[in-house]
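Here's the structure we're looking at; comments come further down.
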Amino acid sequence: MLPVTLIFWSIIGVLFSRYFYRHLAAWQLYQRDWIDLLGKLRPVSVVAVTAIGDEYLNPTPHQLGPEPVDIWRSLGGLEGIRRMRRNARILIALAAYAQRWNFTESVIVKERMRQDALHLQRATLQVIMRRVFRVGNMRGVFYLHDSIGAYHLMTKRLLALYRTSHAGLYPRLAEVLGDGLPLRTAEAES
């Protein structure tokens, strides 16, 4: 009976620690200023995200898109997936930052983006697990599309919020996210 109880409390401890860590990390992001948040964003292939995300969110006839191998390469492989996951938290923090001048809309957008981030996390976890454990079936392809679609939707929601709420910060945000403007990253500015 002791080993079962020990395992149970160990699992509860790990879950509680993870929950606490996530909230602490989010709180630390919310304490940063706008420039710091932009500097934490890591580059993701804008071309791949836009092309696949637009196709995912706006289906067209003959829905055969790029091959999964091409998507994987253009995204940057596993590192591209990881960057999308990390950037998702920062995008939510940027939406929370907008509460300073547009409380109502930014709260709604932030909550929608949290739902998108959950979808992104689930899909990227599936992609990573299938890649690590070499489980190769067709469903892995759909998780890759899901993750890119969720990330693309998050960036579009954030850009729309800034476009309508703070036109002064919008051009810089669009530039960093690569929304039709020249992409400059924190590494390129250093």
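The values are calculated or read from the model by the stated rules, or taken from the named source; none is laboratory data. Predicted, not measured: the structure shown is a model, and the values here were computed from it. Glycine gets a Cβ as well: all are built from the backbone with ideal geometry, and neighbour counts include every protein chain shown.
Descriptive notes on the structure:
- Of everything listed in (1) in contact (Cβ under 8 Å) with a residue 60 or more places away in the chain; (2) closer than 15 Å to HIS152 by Cα; (3) surrounded by 17 or more Cβ atoms within 10 Å (Cβ to Cβ); (4) not aliphatic (A, V, I, L, M), the single unmet condition for ASP54 is (3).
- Filter result for ARG89 (over 27 Å from THR164 (Cβ atoms) and either part of a helix (DSSP H, G or I) or charged (D, E, K, R) (or both)): no
- Condition met for ARG32 (over 17 Å from the mean Cα position of the chain (by Cα) and either within 30 Å of HIS166 (Cβ to Cβ) or surrounded by 10 or more Cβ atoms within 10 Å (Cβ to Cβ) (or both)): yes
- Any hit, the stretch 118-133, residues being on the phi < 0 side of the Ramachandran plot, out of contact with any Leu (no Cβ under 7 Å at 6 or more places or on another chain), among the hydrophobic types (A, V, I, L, M, F, W, C) and modelled with pLDDT of 90 or more: yes
- For the stretch 59-78, filtering for residues that are at pLDDT 85 or above, out of contact with any helix residue (DSSP H, G or I) (no Cβ under 8 Å at 6 or more places or on another chain) and not basic (Lys, Arg) leaves 1.
- Yes/no for THR104 being β-branched (Val, Ile, Thr), surrounded by fewer than 18 Cβ atoms within 10 Å (Cβ to Cβ), more than 16 Å from the chain's Cα centre (by Cα) and not in a helix (DSSP H, G or I): no
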